[in-house]
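Reading through the structure tokens given below for one structure.
Bear in mind these aren't lab numbers, they're just calculated from the coordinates by the rules spelled out. Keep in mind that this is a model prediction, so the values were computed, not measured. As a convention, Cβ positions derive from the backbone with ideal geometry for all residues, glycine included, and neighbour counts pool all protein chains shown.
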Amino acid sequence: MALPFFRKRHSAAAGQVDFDHLPRHVAIILDGNGRWARRRGLPRTAGHKAGAETFRTIATYCRDIGLDYLTVYAFSTENWRRPEEEVSTIMDLLKRYMLEALDTMERDNVRLRFMGDISALSGELQELARRCDEISGRLTGCQCNICINYGGRAELVHAAQDFARACLAGTARPEELTEETFESYLYSAGIPSPELLIRPGGEQRLSNFLLWQCAYAEFYYTDVLWPDFTVEDLHRAFAAYQSRDRRFGGIKR
Ligand code: FPP
């Protein structure tokens with residue numbers, strides 16, 4: 001198929017990508033901001049600011065190429081242990097992004113949702129997240145999920161508690177629980193699992209991200225630090241994904 005203009009712009013690895021068979025859902029662990037800053041003699045907060053810009057670029061591109069879902073790990077349940085200045089910078093960046101999204105999401109038909117225990121965020125951030133969620137409910141386009149105060153284990157415990165409560169209330173029965181019904185208690189209810197998980201920053205671990213949802217995800221690791229991650233790197237990840245043999249425990253026919 002002929003590549004539209006915005007694909008041709010980032011050509012080398014794009015040539016190896018079949019844009020008609022992209023994953024529907026891509027998940028990314030935004031890692032390497034601190035090292036990116038340190039290598040430049042800058043404070044870690046500068047790395048997060050650069051990382052937020054990279055996120056804008058990649059999220060816009062994912063929307064342009066028609067990806068259905070993009071989920072990013074922006075702040076884990078463990079990230080509260082970081083210095084207060086770093087935490088407040090990340091929260092400020094999220095606030096700025098939410099405010100921007102509230103102005104543009106309807107025009108661009110982009111849904112913005114938040115996954116994680118957002119009750120620990122400031123009242124202002126919670127209210128912005130609620131407004132983004134409300135507008136998203138009226139839209140149909142690409143859905144971007146930002147994981148904040150998110151932990152995969154916490155998500156599973158939260159889902160189990162909700163299910164136990166439903167049992168106590170008589171609206172669910174333990175013997176009727178299936179993998180499909182359990183999924184409806186997760187933050188990601190209604191969202192297909194990511195087929196591709198990308199981790200920049202050189203580490204090769206899941207770090208408590210989407211533990212349930214990544215059961216069959218293809219992992220793509222790169223040493224590129226998140227602020228340096230480009231559309232070309234995304235193409236490399238797509239090409240690697242498309243070269244994999246996905247059998248889901250079966251055998252190739
Ligand atoms: C991990 O890199 C990154 C984070 C804990 C924060 C990521 C947050 C952002 C990019 C800003 C979020 C804003 C939006 C709009 C999504 P690290 O600091 O652990 O890197 P290091 O391993 O090099 O120290």
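Just a few scattered comments:
- Fewest-first ranking of CYS144, CYS214, CYS167, CYS132, using other Cβ atoms within 10 Å as the exposure measure: CYS167, CYS214, CYS132, CYS144
- Evaluated over region 183-247, the Cα radius of gyration and Dmax, each in Å: 12.9, 36
- By the count of neighbouring beta-carbon atoms within 10 Å, fewest first, VAL157, VAL110 end up ordered VAL157, VAL110.
- Cleavage-rule hits, GluC sites (Glu not before Pro), region 184-253, DSSP coil, Cβ neighbours within 10 Å at most 13: GLU203
- Where N is the number of residues in the chain, Cα Rg divided by 2.2 N^0.38 Å: 1.04
- Counted by neighbouring Cβ atoms within 10 Å, the residues VAL231, VAL26 run from fewest to most as VAL231, VAL26.
- GNM flexibility winner over the chain from SER122, SER76, SER88 (Cα, springs under 10 Å): SER122
- Separation of the THR181 and ARG165 label points, Cα + 7 Å toward Cβ, nm: 1.8
- Virtual spin-label span in nm between LEU206 and VAL87, 7 Å along Cα→Cβ: 2.7
- Modelled FRET efficiency - R0 35 Å, LEU42 with ALA215, Cβ distances, 0.05 increments: 0.40
- Where only DSSP H runs of four or more residues are counted, the chain gives -13500 deg cm²/dmol as its mean residue ellipticity at 222 nm, each run worth -39500 (n - 2.57).
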